[in-house]
């Protein structure tokens, strides 16, 4: 084989590789654009007036109406919805992280009567679909006086938060128990020799070590609470108590065609999660794939 | 030597809060669900009537709309299982080849899955609007004006439009799952296959696919469970209309409960539906165990 032939085949190989890459980009690029365009269109609509939103089909509006955001925030109640969502998310995440950590630690370190069975029963709720469960949950919350019927405002808030804490626990325990299992027992034993109690060991040694896992649980729980709709639909009837997802539907129900303001409300509702996602995507994606693929 | 008192009490104290919530909000509702399904009850009256299995018989034998809604969710699920997951796998293979810009693609593909179904539904509701939607506008600009229609309000296209929106939201999730699976396959296997002269298709068929099978099964189960129980997206787009064409089981259960105030019947619908889903996922799990 002569040198020229060798160079030719090398060139051909390189050309084929390039064509291959081009083909993959030709597949990925349009799909990436189709992911971004609807979001860009929403942002664009949020900056148009109630008239131009129906007539101006440019992606960048001639004179952006930033006042839409102020109007959505105040007159559209999105400020109220936003802080409600923030409060519900903070409450659920705090409770899920701490209660799951306590339970997972106990499952990891102590064996007591029925602990194995209990662990499996709790985890099985992640796998077994109970699509009618919300009917029973509604009946239960109603019996407990936790459905919004115009009286006290804290009871329905509690009724919205408690079931979500419960719903978040299995995933938290599932992620944390193997994590605690991997931490060597000698650490605790030496701490106990130094006079640390069980709670002290948990607080000062185990929790700091579990921080990465706790972070993943906090992230994924926040996402699911922030995006929750069904329970909010069941529990709340007063706009003053609603979280964002329920608030968006309430706004759409009363102002059917105010697309500019509705879009502004949607941008407000997704901004925090998009920012967190862009900063933490590695952890979020790792948590989601680990949660599903390990099981 | 007896364990110190702290060590004996601690496990119960640590588990108690979680266990309490679990009992009240998971176990008791499960019992309540079974019990209520045997009643004729409007949710308010203090004296519900016991009707035995009559609610179940009605679901199984008479509720045409419920089974239509089941079939419609099945249609969306079938599309998601095939189109959405095939696309997700293809994209995962593309990005796994250390494509330039791969991380940007990953960031963008996973953007729809982190959004709520309500937001996604409302965005597309506006895009698909019959009179002022950008979708029809683009069709008209391309000279396809005769195709324009109110996509989510036309009985012929509503369900497919919902399916399309659902897949738009979902494929990025399948994509990251497949990508995570692909990254566990060691490069040496591909090298060995290449040395043996295997072409790209052969490598895919005999290296990638068998090793990816467990991920495929997990993704399929979760796609089925997630899509069959679709709800918020329907509320944000069609609310079951036009004329029941996008009703799904969960919207029917809602209608039985809050629409017609038949709590017992809603529970029976939920249980029948749940049992079907359980059977489907058990079959797939068995399949997974066989291949593992």
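Key figures
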| item | result |
| --- | --- |
| Residue identified as within 11 Å of chain A (Cβ to nearest Cβ), more than 27 Å from residue B:42 (Cα to Cα) and touching a helix residue (DSSP H, G or I) at 6+ places or on another chain (Cβ under 8 Å) among B:185, B:253, B:224 | B:224 |
| Selection status of residue B:140, at pLDDT below 95, outside any helix (DSSP H, G or I), surrounded by fewer than 15 Cβ atoms within 10 Å (Cβ to Cβ) and within 14 Å of chain A (Cβ to nearest Cβ) | no |
| Failed criterion for residue A:198 (all others in (1) surrounded by 20 or more Cβ atoms within 10 Å (Cβ to Cβ); (2) within 12 Å of another protein chain (Cβ to nearest Cβ); (3) touching a residue at least 40 places away in the same chain (Cβ under 8 Å) hold) | (3) |
| Flag if residue A:36 is surrounded by fewer than 16 Cβ atoms within 10 Å (Cβ to Cβ) and within 12 Å of chain B (Cβ to nearest Cβ) | yes |
| Tabulated pairs, the range B:189-216, first within 14 Å of chain A (Cβ to nearest Cβ), second surrounded by fewer than 12 Cβ atoms within 10 Å (Cβ to Cβ) and assigned to a helix (DSSP H, G or I), C-beta under 8 angstrom, 6+ apart or interchain | B:213/B:291; B:214/B:291 |
| Lone unmet requirement of (1) out of contact with any helix residue (DSSP H, G or I) (no Cβ under 8 Å at 6 or more places or on another chain); (2) part of a helix (DSSP H, G or I); (3) more than 10 Å from chain B (Cβ to nearest Cβ) for residue A:25 | (3) |
| Selection count, the range B:218-255, where residues are more than 11 Å from the chain's Cα centre (by Cα) and surrounded by fewer than 18 Cβ atoms within 10 Å (Cβ to Cβ) | 5 |
| Hey, residue B:278 out of contact with any helix residue (DSSP H, G or I) (no Cβ under 6 Å at 6 or more places or on another chain), farther than 29 Å from residue B:155 by Cβ, at the interface with chain A (Cβ under 10 Å from one of its Cβ atoms) and without any contact (Cβ under 8 Å) to a residue 60 or more places away in the chain or not | yes |
| Output for the range A:163-195, where each listed residue is outside any helix (DSSP H, G or I) and loosely packed, with under 13 Cβ neighbours inside 10 Å | A:184, A:194, A:195 |
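Residues checked against (1) assigned to a loop (DSSP other than H, G, I, E, B); (2) free of Cβ contacts under 8 Å to residues at least 60 places away in the same chain; (3) more than 30 Å from residue B:180 (Cα to Cα):
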residue: B:9; (1), (2), (3): no, yes, yes
residue: B:20; (1), (2), (3): no, yes, yes
residue: B:47; (1), (2), (3): yes, yes, yes
residue: B:57; (1), (2), (3): no, yes, yes
residue: B:60; (1), (2), (3): no, no, yes
residue: B:73; (1), (2), (3): no, no, no
residue: B:90; (1), (2), (3): no, yes, no
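The values are calculated or read from the model by the stated rules, or taken from the named source; none is laboratory data. This structure is a prediction, so every number in the text was calculated from the model and none was measured. Note that we place each Cβ from the backbone using ideal geometry, even for glycine, and neighbour counts take in every protein chain shown.
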